[in-house]
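Okay, structure first, notes after.
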Amino acid sequence: MPIPPRVSVVTLRTVDLARSTAFYAALGWELSPASTPAMSLFKTAGSLLLLCTDDLLAELGGDEVAAALRGEPTTGEAVLSIHVATDEEVAAAAEEAAKAGGVVVKRAAPSPLGGSYAFFADPDGHVWEVIRHPLYRLRAAGRPEAP
């Protein structure tokens, strides 16, 4: 099964969540009620925009994801997410990434937020997440709908 050719969430890493949230709100972007004190989620015309610190990414992804992010710039770097419909698709996508020359950073596992997820890095080290999240439904175009 090929990995779906879509970016459903772009996660921007920040050291100051309040400042980053205020910036995008000042642009007039709609803050989703699914946001929490640890992350801000904005609805866009396409993908969702998630703002969070590396602490949250490490908490959610565990030691493997924290190690994959270590040494990267704290700002200016993104983690891209691909939402899929089933846990089986999460596992299959990680395997496809490995077959294509990527590195599986974290094999498919239950997500602390529900559903399941896996992380892989492309040959240049860019970290991707493949996730099935119970609060997000994929629209026909493969874009997630935020609550």
**Asked** When both residues are 6+ apart or on different chains and their Cβ atoms are under 6 Å apart, which pairs have a first residue that lies in the range 1-22 and is among the basic types (Lys, Arg), and a second that is surrounded by fewer than 18 Cβ atoms within 10 Å (Cβ to Cβ)?
**Response** 6/142; 13/77
**Message:** Let me spell it out: the conditions are (1) buried (at least 19 other Cβ atoms within 10 Å of the Cβ); (2) at pLDDT below 90; (3) closer than 18 Å to residue 13 by Cα, and residue 78 meets all of them except one. Which number is the exception?
**Reply:** (1)
**Request:** Given the conditions (1) under 16 Å from the mean Cα position of the chain (by Cα); (2) farther than 14 Å from residue 117 by Cβ; (3) open to solvent by 50 Å² or more (accessible area, probe 1.4 Å); (4) small (Gly, Ala, Ser), report the number of the one that residue 28 does not fulfil.
**Result:** (1)
**Message:** Show me the strands (runs of 3 or more DSSP E) entirely contained within the range 1-97 in which 1 or more residues are among the polar types (S, T, N, Q).
**Reply:** 9-13, 39-43, 78-83
**Complete:** For the range 93-104, the count of residues that are touching a residue at least 40 places away in the same chain (Cβ under 8 Å) and either open to solvent by less than 30 Å² (accessible area, probe 1.4 Å) or of a type in the set (Phe, Trp, Tyr) (or both) equals 2
**Request:** Check the range 34-53 and report whether any residue there is touching a helix residue (DSSP H, G or I) at 6+ places or on another chain (Cβ under 9 Å), open to solvent by 70 Å² or more (accessible area, probe 1.4 Å) and without any contact (Cβ under 8 Å) to a residue 60 or more places away in the chain.
**Result:** yes
**Message:** Can you confirm whether residue 86 is of a type in the set (Val, Ile, Thr), open to solvent by 40 Å² or more (accessible area, probe 1.4 Å) and at pLDDT 90 or above?
**Reply:** yes
**Asked** Does residue 122 meet the test of being over 17 Å from residue 13 (Cα atoms), within 15 Å of the chain's Cα centre (by Cα) and modelled with pLDDT under 80?
**Response** yes
**Asked** What residue, among those in the range 44-56 that are touching a strand residue (DSSP E or B) at 6+ places or on another chain (Cβ under 9 Å), modelled with pLDDT of 80 or more and not polar (S, T, N, Q), is farthest from residue 14 (Cα to Cα)?
**Response** 48
**Count of residues meeting criterion [open to solvent by less than 50 Å² (accessible area, probe 1.4 Å) and either part of a loop (DSSP other than H, G, I, E, B) or among the aliphatic types (A, V, I, L, M) (or both)] in the range 109-119** = 5
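The values are calculated or read from the model by the stated rules, or taken from the named source; none is laboratory data. As the structure is a prediction and not an experimental result, all values here were calculated from the model. Counting neighbours? That spans all protein chains shown, and the Cβs are built from the backbone with ideal geometry, glycine included. The accessibility values were calculated without ligands, DNA or RNA, using every heavy atom of the protein model including side chains. Shrake-Rupley method; radii C 1.70, N 1.55, O 1.52, S 1.80 Å.
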